[in-house]
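**Q** Attaching a single structure in structure tokens format; questions to follow.
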Amino acid sequence: MLQRFFWMCSGADTDILNNSSKAEQTKFAGIGTTVFFTAVMATIAASYALYTVFDNHYTSVFFGLIWGLLIFNLDRFIVSTIKKNDNKWKEIWQATPRIILAVIIAIVIAKPLELKIFEKEIDQVLLEQKNELTLANKVQIANQYTPEINSLQNDITQLKNETSTKEESVDSLYETYISEAEGRKGTLLLGKGPVYKEKRDKHDAGLLELKELKETNKQKITNKETQIASLIAEQKNQEATTQPIIDGFDGLMARINALNSLPWLPSFFIFLLFLAIETSPILAKLIAPKGAYDFKLQDQEDAVKTWVKQKVHQRSQVLKTDIHINEEIYSDLTEEEELYNYKRKKARELLQQQADAFHQSQQKVIG
């Protein structure tokens, strides 16, 4: 039962194999086994690859089974269409397109399994890439807000400098009128004279201006600090909003790119393994000598070809004969006087009817 299943997988004619030798039966069972397990590996590989896309076990397994059946059907078709003949070069030329297709299938099957085998290494590469993307994302977002924040901070610095400059001016006026009162500078007269009063009034006016300036600049600084805090909060919010996108950077294409950044030699040997598995049924057919199964299959195909040629030739001869007979019959009929007189009578009646119809139509026109 199991052997017949693998015969079916190989695409061979089971009726012919039943009457073939044990060696032929074993050979085609081996070919069918290879085709079957290639489809199994394709199912596993596709299921894992699709899991990285859909993140759902049932969906991944369902489409993985469909992909496995597709690969099974392709492999079975490839193997079953390779026919043995006496010319090896003709066989190789016949198998070349199928080998190319087998290489493509091997690549498609091997890549998802490579992703699973090197999963830990790929995760490490993706982690490094995510960290780089996080830093780059923060820099890009910061570039959007930094100029405005720096401008506000410069405004705050200018307001503080303006207040400090005014304080220094008021302090200087204070020192001036105190020195005048003590007689150390100015008129050098001890006491509070008119000059002292003038300088004291100037200081008091500057002090009042300083007080108003401090209140005004303090309000301005508070407003600008509020704007800076709002911009910083908005920047942090945008970083938090975009971070999940970076955290989700682990799809199929990202993993393939990460795999390509790893050393190529291990992946290449895995590809060679699947290439050997995928092409082994084809190579087995090419290398194996022409066996009893191939002779019996060729005999059946030749018998069908001969029968079809006979049918085509027979139809051709029947057509030629029928045409010849028809020509003879119509040739004989042309010499029969009875048929001639009958057709002459009918032609005369037809011409009379046409003349009558024409005469009636002309009378209607004349009125």
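**Q** Pick from GLN300, GLN140, GLN314: which is most flexible by mean-square fluctuation in a GNM of the chain where alpha carbon atoms under 10 Å apart are linked?
**A** In the Gaussian network model the winner is GLN314.
**Q** Continuing with the same structure: In the chain, with Lys and Arg counted as +1 and Asp and Glu as -1 at Cβ, which of these residues, TYR58, VAL108, GLY11, has the Cα nearest the positive end of the dipole, that is, farthest along it?
**A** Most positive-ward Cα: GLY11.
**Q** Give the Rg (one decimal place) followed by the Dmax (whole number) of the stretch 131-250, computed from C-alpha coordinates and expressed in Å.
**A** Looking at the stretch 131-250, its Cα Rg and Dmax stand at 25.5, 87 Å.
**Q** Only Lys, Arg, Asp and Glu count, each charged at its Cβ (+1, +1, -1, -1), so figure out the dipole size of the chain about its Cα centre, rounded to 20 debye.
**A** Once rounded to the nearest 20, the dipole reads 600 debye.
**Q** In addition: Express the Stokes-Einstein translational diffusion coefficient of the chain in µm² s⁻¹, to the nearest whole number, given a Kirkwood radius over alpha-carbon pairs, 10 °C and a viscosity of 1.306 mPa s.
**A** 49
**Q** Gaussian network model of the chain, Cα springs within a sub-10 Å range: biggest mean-square fluctuation belongs to which of LYS130, LYS138, LYS22?
**A** Largest GNM mean-square fluctuation: LYS22.
**Q** To the nearest 500 deg cm²/dmol, what mean residue ellipticity at 222 nm is calculated for the chain from DSSP H runs of n ≥ 4 alone, each contributing -39,500 (n - 2.57), summed and divided by the residues?
**A** Result for the chain, helices only: -32000 deg cm²/dmol.
**Q** Right, something else. Between ILE178 and VAL318, what length comes free when the chain is fully extended (0.36 nm per residue of separation minus the Cα-Cα distance, one decimal in nm)?
**A** Using 0.36 nm per residue and subtracting the Cα-Cα distance, I get 36.1 nm.
**Q** Between LYS309, LYS116, LYS296, which gets the highest mean-square fluctuation from a Gaussian network model of the chain, Cα cutoff 10 Å?
**A** Top of the fluctuation ranking is LYS309.
**Q** How far apart, in nm, are two points set 7 Å out from the Cα along the Cα-to-Cβ line at LEU252 and at LEU273?
**A** It is 2.2 nm.
**Q** Return the subset of LYS160/LYS197; LYS90/LYS290; LYS160/LYS220 for which the Cα-Cα distance in this structure is over 22 Å, preserving the input order.
**A** Result: LYS160/LYS197 exceed 22 Å.
**Q** In addition: Under 19 Å Cα to Cα from LYS236, which aspartates and glutamates show up? Leave out anything in the same chain fewer than 8 places away.
**A** GLU132, GLU148, GLU225, ASP247
**Q** Modelling each spin label as a point 7 Å along the Cα-to-Cβ direction, I'd like the LEU265/LYS346 distance in nm, to one decimal.
**A** 9.5
**Q** Treating only the Cβ atoms of Lys and Arg (+1) and Asp and Glu (-1) as charged, compute the dipole magnitude of the stretch 41-157 about its Cα centre; round to the nearest 20 debye.
**A** The calculated dipole for the stretch 41-157 is roughly 960 debye.
**Q** Right, another one. If r is the Cβ-Cβ distance from LEU231 to PHE54 and R0 is 35 Å, what FRET efficiency results, to the nearest 0.05?
**A** 0.30
**Q** Whole-Hz Karplus ³J(HN,Hα) for the stretch 266-275, in order, using 6.51 cos²θ - 1.76 cosθ + 1.60 and θ = phi - 60°, x for Gly and Pro?
**A** x, 5, 5, 5, 5, 4, 4, 4, 6, 5
**Q** To continue, here is another question. Compute the acute angle (0 to 90°) between the alpha-carbon long axis of helix 194-247 and the principal axis of greatest extent of the alpha-carbon atoms of the chain; round to the nearest 10°.
**A** Between helix and principal axis, roughly 20 degrees.
**Q** For the pair LEU283 and TYR330, how long in nm is the line joining their label points, each one 7 Å along Cα→Cβ?
**A** 6.7
**Q** Turning to a different aspect of this structure: Please turn the phi angles of the stretch 161-171 into ³J(HN,Hα) values with the Karplus equation 6.51 cos²θ - 1.76 cosθ + 1.60 (θ = phi - 60°), one per residue in order, whole Hz, x for glycine and proline.
**A** 5, 4, 5, 5, 4, 5, 4, 4, 5, 5, 4
**Q** Ranked highest first by the average count of other Cβ atoms within 10 Å around their residues, in what order do 261-269, 277-285, 60-68 fall?
**A** 277-285, 60-68, 261-269
**Q** A follow-up question, please. Report, ordered by chain and residue number, the lysines lying within cross-link reach of LYS116, taken as a straight Cα distance under 19 Å and ignoring same-chain residues fewer than 8 apart.
**A** Partners found: none.
**Q** Applying 1/(1 + (r/R0)^6) with R0 = 35 Å to the Cβ-Cβ distance of GLU198 and LYS218, what FRET efficiency is obtained, to the nearest 0.05?
**A** 0.70
Every read-out reported here was derived from the displayed coordinates using simple, explicitly stated rules and does not represent laboratory data. Quick caveat: nothing in here was measured; it's all calculated off a predicted structure. Glycine also receives a Cβ, built like all others from the backbone with ideal geometry; neighbour counts cover every protein chain displayed.
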